Amino acid sequence: MELNELLEHLNARKPLFGEEEANTLLRRYANEAQRITAEMNGAYHEPHEIRALFSRLIGKEVDEAFCLFPPFYADFGKNITVGKNVFINSCCCFQDQGGIVIGDGALIGHRVTLATLNHGIMPQDRVSLYPAPIKIGKKVWIRAGAVILPGVTIGENAIVAAGAVVSKDVPDNAIVGGVPAKTIRMIQ
């Protein structure tokens, strides 16, 4: 199995039931992500160096206006797509096997977690992985400490309050908060 085949499988939301070949490839890219993020997090880097390291992590070039403040952590790295003028603050954790797409102008606050995998509920199925993508629209602001769960889409211009746990889709122009997150109000 090659990376493109694995990504196709994951992006089709097909589960992985402990297949040895897929798990070997996932571990290989997890190890690569650890090496790259350790390099990124281990010393000061100029902004252009951070962009180069992040581009290497995700396997595609990021926009010149992309900005990330380390430390940053990723489980896989190869299923992240970022738009133009995206800002990611420090201590964020991206579990991206299921796919993470971040729209233009999005702001991701300190300690935000984006989790795109679930495990099976039944004990005998616990090792299985169920991927579901996270999609973050244009000009979204996710505030510090928020957790976005698998399969969630956050609409354009939305704001996620600090500490929120988002388990359902967020409409465009909504402000959501709480555990679980609920709409607080709409942006006029």
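Scanning the stretch 116-154 for residues that are out of contact with any Ser or Thr (no Cβ under 9 Å at 6 or more places or on another chain) and more than 20 Å from Arg13 (Cβ to Cβ) turns up Pro123, Gln124, Lys138, Lys139, Val140, Trp141, Ile142, Arg143, Ala144. Of the listed requirements (1) out of contact with any Cys (no Cβ under 9 Å at 6 or more places or on another chain); (2) surrounded by 21 or more Cβ atoms within 10 Å (Cβ to Cβ); (3) farther than 19 Å from Ile159 by Cα, Cys92 misses just one: (3).
Could you tell me whether Ile80 is in contact (Cβ under 8 Å) with a residue 12 or more places away in the chain, closer than 23 Å to Asp104 by Cα and aliphatic (A, V, I, L, M)? I'd like the intermediate steps shown before the answer.
Details: in contact (Cβ under 8 Å) with a residue 12 or more places away in the chain: yes; closer than 23 Å to Asp104 by Cα: yes; aliphatic (A, V, I, L, M): yes.
Yes, satisfied.
Pairs, please: C-beta under 6 Å, at least 6 apart or cross-chain, first residue within 22 Å of Pro71 (Cα to Cα) and in the stretch 106-131, second hydroxyl-bearing (Ser, Thr, Tyr) and surrounded by fewer than 19 Cβ atoms within 10 Å (Cβ to Cβ)? What qualifies is His110/Ser90.
I'd like to know if the stretch 115-129 contains one or more residues that are open to solvent by 10 Å² or more (accessible area, probe 1.4 Å), on the phi < 0 side of the Ramachandran plot and of a type in the set (Gly, Ala, Ser). Write out each step before concluding.
First, pick out the residues of the stretch 115-129 that are open to solvent by 10 Å² or more (accessible area, probe 1.4 Å): 115, 117-119, 121-127, 129.
Keeping just the survivors that are on the phi < 0 side of the Ramachandran plot gives 115, 117-119, 121-127, 129.
Within this subset, residues satisfying the condition of being of a type in the set (Gly, Ala, Ser) are 115.
Among the residues of the stretch 115-129, at least one is open to solvent by 10 Å² or more (accessible area, probe 1.4 Å), on the phi < 0 side of the Ramachandran plot and of a type in the set (Gly, Ala, Ser), which makes the answer yes.
Of everything in the stretch 73-89 that is crowded, with 24+ Cβ neighbours inside 10 Å and of a type outside the set (A, V, I, L, M), the residue that is farthest from the chain's Cα centre (by Cα) is Phe76.
Which members of the stretch 89-132 meet the condition of being part of a loop (DSSP other than H, G, I, E, B) and at pLDDT below 95? Even if it seems obvious, please write down each step before you answer.
Restricting attention to the stretch 89-132, the residues satisfying the condition of being part of a loop (DSSP other than H, G, I, E, B) are 89-91, 96-99, 103-106, 109-112, 116, 120-122, 126-128, 132.
Result: Gly120, Ile121, Met122, Arg126, Val127, Ser128.
Taking the criterion of being over 17 Å from Ala115 (Cα atoms) and not aliphatic (A, V, I, L, M), the residues of the stretch 65-86 that qualify are Phe66, Cys67, Phe69, Pro70, Pro71, Gly83, Lys84, Asn85.
Checking each residue in the stretch 16-33 for being more than 18 Å from the chain's Cα centre (by Cα) and on the phi < 0 side of the Ramachandran plot picks out Leu16, Phe17, Glu19, Glu20, Glu21, Ala22, Asn23, Thr24, Leu25, Arg28.
Identify the residue in the stretch 10-58 that is open to solvent by 70 Å² or more (accessible area, probe 1.4 Å) and either in contact with a Ser or Thr (Cβ under 8 Å, 6 or more places away or on another chain) or touching a residue at least 60 places away in the same chain (Cβ under 8 Å) (or both) and, among all such residues, is farthest from Phe94 (Cα to Cα). This residue is Phe17. Beta carbons closer than 6 Å, at least 6 apart along the sequence or on distinct chains, pair a first residue in the stretch 138-165 that is in a loop (DSSP other than H, G, I, E, B) with a second that is hydroxyl-bearing (Ser, Thr, Tyr) and crowded, with 20+ Cβ neighbours inside 10 Å for Pro150/Thr116.
Those residues that are touching a Gly at 6+ places or on another chain (Cβ under 9 Å), on the phi < 0 side of the Ramachandran plot and open to solvent by 40 Å² or more (accessible area, probe 1.4 Å), I need them from the stretch 148-164; list them, please. Listed by number, the residues that qualify are Thr153, Glu156, Ala162.
The values are calculated or read from the model by the stated rules, or taken from the named source; none is laboratory data. The structure presented is a predicted model; accordingly, all values stated were derived computationally and were not measured. Positions of Cβ are generated from backbone atoms using ideal geometry, with glycine treated the same way; all protein chains shown enter the neighbour counts. Quick note on the areas: whole protein, heavy atoms, side chains included, nothing else; ligands and nucleic acids left out. Shrake-Rupley method; radii C 1.70, N 1.55, O 1.52, S 1.80 Å.
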